[in-house]
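A short worksheet on the structure shown next.
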Amino acid sequence: MKERIQKLLSAAGVASRRQAEELLRAGRVRVNGTAAQLGDSADPDRDTVEVDGVPLGQPPRRRYLMLNKPRGYVTTLRDEQGRRTVAELTADCGDRVYPIGRLDLNSEGLLLLTNDGVLCHRIIMPGSGVVKEYYAEVTGRFRPDTEARFREGITVDNHFRCLPARIEIAPDGASARIFVSEGKRHQVKRMVAAAGARVRRLKRLAIGGLRLDPALAPGEYRPLTQEELALLFQPVPDSKTP
């Protein structure tokens, strides 16, 4: 029975459906030797589906990388505007990997890359509850009720209410640590703006129990240790506020 290529890749644990679309656009998926296109289908019992030359029936070696993403790189495999991508920074790792979630062009810090669709799905799926920690340098002044509004679920853009989060504002008000358990587009920046300030620098410090290695310079990466990988698979605490 034929299924959409994205569904087959997701079921095989190769990538999430959204990331499978990027693999298709990049020409990395072939069906019976022919490059597959977005929207194509295949029958896994009759057709040979390959990602980077590896058939779906032969799971690839699992790779888990920690990258200290610098500013000026987009979190994608390729960019139609010709901007630098995080894929360029890990091109010599020996395997095809894709980013888990996103950091925007001018954000920096901890970014995970993998070819394990199961881990990717666990971290980015809605309602996963995996907490991400950010450090933000800001301009302007936070509203006096900012911490309470974050705990309750701050409303951004006058209509979207975020899940409960936590913010720790520095005594001088020029920076803050922010803990969120969801990942809407530009969410941290939008939350800070709704609280009266503006982010001028944003760095992700942690995902779940995994923290950015301070020994990694911007643009450097390394494989995760088994202990670090275990942190990402730990049960998420049942709490309404990070």
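The values are calculated or read from the model by the stated rules, or taken from the named source; none is laboratory data. Since this is a predicted model, take the numbers as computed values, not measurements. We place every Cβ from the backbone using ideal geometry, glycine too, and count neighbours over all the protein chains shown. Accessible surface is based on the protein model in full, side chains and every heavy atom, while ligands, DNA and RNA are left aside. Shrake-Rupley method; radii C 1.70, N 1.55, O 1.52, S 1.80 Å.
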Review point. Fully extended, how many nm does the chain gain between Arg4 and Arg71 (0.36 nm per residue separation, minus their Cα-Cα distance)?
Key: 20.6 nm
Exercise for review: Positive end of the charge dipole of the stretch 23-105 (Lys, Arg +1 and Asp, Glu -1 on Cβ, about the Cα centre): tell me which of Pro99, Pro44, Thr34 has its Cα farthest that way.
Suggested key: Pro99
Exercise for review: Taking H placed 1.01 Å from N in the peptide plane, check which residues at least 5 places from Thr85 or on another chain put their amide H under 5 Å from its amide H.
Suggested key: Val74
Check your understanding: Gain in length, Val236 to Thr34, computed as 0.36 nm per residue apart minus the alpha-carbon separation, to one decimal in nm?
Key -> 68.6 nm
Review point. Given R₀ = 30 Å, FRET efficiency for Gln226-Ser128 by Cβ-Cβ distance, to 0.05?
Key: 0.90
Exercise for review: Let me know the shape class of the stretch 88-146, please: from the alpha-carbon gyration tensor, a ≥ b ≥ c as square roots of the eigenvalues, rounded when a/c is under 1.5, otherwise prolate if a/b is greater than b/c, or oblate.
Suggested key: oblate
Practice item. Determine the per residue accessible area of the stretch 172-242 with all protein chains present and a 1.4 angstrom probe, expressed in square angstrom. Key: 56 Å²
Exercise for review: Please list, in chain and number order, the residues 5+ apart from Arg63 or on another chain whose amide H is under 5 Å from its amide H, with Hs placed from the backbone.
Suggested key: Asn115, Asp116
**Study point:** Anisotropy class of the stretch 165-242 from Cα gyration tensor, a/c 1.5 cut
**Key:** oblate
Point to revise | Nearby aspartates and glutamates by direct alpha-carbon distance to Lys189 (threshold 12 angstrom, same-chain neighbours under 8 apart not counted) | key: Asp104, Glu137, Asp157
Point to revise | When each of Lys2/Lys184; Lys7/Lys184; Lys69/Lys184; Lys2/Lys132 is checked by Cα-Cα distance, pairs over 27 Å | key: Lys2/Lys184; Lys2/Lys132
Practice item. Compute the separation of the alpha-carbon centres of the stretch 1-32 and the stretch 54-100 and state it in Å as a whole number. Key: 16 Å
Point to revise | Carbon/sulfur fraction of accessible area - the chain, other protein chains in place, 1.4 Å, % | key: 48 percent
